[in-house]
Amino acid sequence: MVQPATTTRLDPERLDFYHTLLRQMLLVRRFEEKAGEAYAQGKIGGFCHLYIGQEAVAVGTLAALREDDYVFTSYREHAHALVRGMSARACMAELFGKVTGCSRGKGGSMHLFEAKLGFLGGHGIVGSHIPLAAGAGFAIKYRGTDQVSLCSFGEAAANIGAFHESLNMAALWTLPVIFLCENNRYGMGTALERASAVYHIADRACAHEMDSETVDGMDVLAMYEATARAVERARTGKLPTLIEARTYRYMGHSMADPIHGHYRTKEELEEQKKKDPIAGLRHRLRDDGMLSDATFEAMDKQVHEEVADALAFAEQSPDPDPAELYTDVYRD
Ligand SMILES: Cc1ncc(C[n+]2csc(CCOP(=O)(O)OP(=O)(O)O)c2C)c(N)n1
Ligand SMILES: [Mg+2]
C-alpha cells in the first residue's frame with residue numbers, strides 16, 4: 001500500500017532539518033535546470049537524464065543514512081551525488097567532461113563517483129549495480145561493521161535477472177542492503193514503457209522473503225521515515241528491505257526525449273505537477289508557520305548563486321589532456 005501523504009503537524013524542533021531537506025531539493029532542481037540549458041546549448045555531450053520531479057526520493061532517503069554508508073545508483077544520479085555531498089562544481093564539471101569533474105571528465109553525466117563520500121556511482125547499464133550493492137552489503141557483514149548499502153534503481157531494472165539474484169542473496173545471507181526502486185512509471189525502451197504505472201514492484205519482495213514498503217515518493221518526509229525504518233533493520237538485524245517509491249519525472253527520459261506528447265499526455269504531466277515535492281514541503285512548512293516567503297526566496301537565491309558558480313567553474317575548466325586517456329581516475 002502507498003502510505004498516505006504525511007498529514008501530522010511538523011515538529012518545530014526539527015526546523016533546521018526540514019529547511020535542509022528543502023534546500024537540498026531546491027539545489028537539485030536548480031542544478032538540473034541549468035544542466036538542461038547547457039545541454040541544449042551543446043555544452044554537455046553524451047547522455048543526460050534529468051531527475052526533476054523525483055527530488056524527494058534522493059533527498060528523503062539519503063537524509064536517513066550516515067556518512068560512512070554506501071550509495072549506488074543508476075544513470076539518473078545527479079541528485080544523489082549532490083545530496084551525498086559532492087560539490088556542485090565537481091558535478092557540473094563532470095557533466096561538461098572537464099578535468100575538474102569528479103571522474104576527471106572521463107565519466108560524464110551517467111558516471112559520477114566519489115569514493116570518499118561512499119558514493120559508488122553512477123551506472124549506465126540497467127540493473128548492473130544491484131549486485132555491486134549486495135556485494136558491498138556482504139563486505140559490511142564480513143568486516144563486522146554496522147554500515148548500510150543503499151541501491152537506487154528504476155522500476156524497469158526489476159526485469160533484469162541480477163535484480164532477483166541480488167535480492168535472493170541479500171535475503172539468504174541477511175545483508176544490510178536497502179533496495180530502493182524509484183518507480184517513475186516509465187522505463188523507456190522496455191516492455192514497461194507505458195505499463196509501469198500498474199507494475200507492483202513491492203510484490204517482488206514477497207518472492208524473496210524480504211520486508212518491503214511502498215511509499216509516496218513525492219513526499220520527502222515519508223521517504224525519510226521509510227528509509228529510517230529500513231536503516232534500523234539493516235544496522236541492528238542485518239536485514240535487507242525493498243522500498244518502492246512511487247514517483248514521477250517531469251522531464252523526458254533523457255534530453256533526447258520530448259517532455260510529453262509521445263507516450264504521455266500533457267494533462268497527465270500537469271496533474272502530476274500538482275504534487276511537486278518542493279512546493280509540497282514549502283507549503284506544509286508555510287502552513288505550520290515554519291517558513292516565510294522571504295526565507296524561501298533567500299534560500300532559492302543562494303541556491304541559484306551556487307549553481308551559477310558551478311556553471312562558470314565548469315565552463316572555465318580545461319578539457320582533460322589526451323595523455324590522460326588510459327590513466328586511472330583514482331590513481332592518487
Ligand atoms: C541492460 C540494459 N538494457 C537496456 C538499456 C537501455 N536503457 C537505458 S535507460 C532504460 C530504461 C530504464 O528505465 P527505469 O529502470 O524505469 O529507469 P528510469 O529511466 O525510468 O529512471 C533502458 C531500457 C540499458 N542501459 N541497459
Ligand atoms: Mg522508470
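Only counting other Cβ atoms within 10 Å, I'd like Arg235, Arg282 sorted with the fewest neighbours first.
Working: Arg235 17, Arg282 20.
By the 10 Å Cβ count, ascending: Arg235, Arg282.
Just tell me, in residue order, which DSSP H segments of the chain are both 27 angstrom or longer along the helix axis (alpha-carbon based) and at least -0.5 in mean Kyte-Doolittle hydropathy.
For the chain, where a helix must reach 27 Å along its axis and average at least -0.5, the hits are 15-40, 293-316.
Given Lys43/Lys106; Lys43/Lys274; Lys106/Lys266, which pairs have Cα atoms separated by over 25 Å?
Lys43/Lys274; Lys106/Lys266, as the Cα separations exceed 25 Å there.
What residues from the range 20-42 fall in the zone where the backbone N is under 18 Å from a label point 7 Å along the Cα-to-C-beta line of Ala312?
Flagged as within label range: 31, 34-35, 38.
In nm, give the distance between the simple-model label positions of Val99 and Glu67, each being 7 Å from the Cα along the Cα-to-Cβ direction.
It is 3.0 nm.
In straight Cα distance, which aspartates and glutamates are under 20 Å from Lys141, not counting same-chain residues fewer than 8 positions off?
Glu67, Asp68, Asp69, Glu165, Glu209, Asp211, Glu232
Show log10 I(q)/I(0) for the chain at q = 0.15 Å⁻¹, two decimals, from a solvent-free Debye sum over equal Cα scatterers.
The calculated log intensity ratios at q = 0.15 Å⁻¹ are -1.31.
Using Cα-Cα distances under 8 Å and only pairs 6 or more residues apart, what relative contact order does the chain have, in percent?
24 percent
Say each of Arg9 and Gln302 gets a label point 7 Å from the Cα, pointing the same way as Cα to Cβ; how far apart are those two points in nm?
2.7 nm
Take every Cα-Cα distance within the range 4-117, group them into 10 Å bins from 0 onward, and report for each bin the whole-number percent of pairs it holds.
Spelled out bin by bin, the range 4-117 gives 14, 45, 29, 10, 3 percent.
What is the distance in Å between the Cα centres of the range 72-116 and the range 235-311?
When both Cα centres are located, 20 Å separates them.
A short reminder: the numbers here are calculations on the coordinates, not readings from a lab. Owing to the predicted nature of the structure, the values given are computational and were not obtained by experimental measurement. Methodologically, a virtual Cβ is constructed for each residue, glycine included, from the backbone with ideal geometry; neighbour enumeration extends over all protein chains shown.
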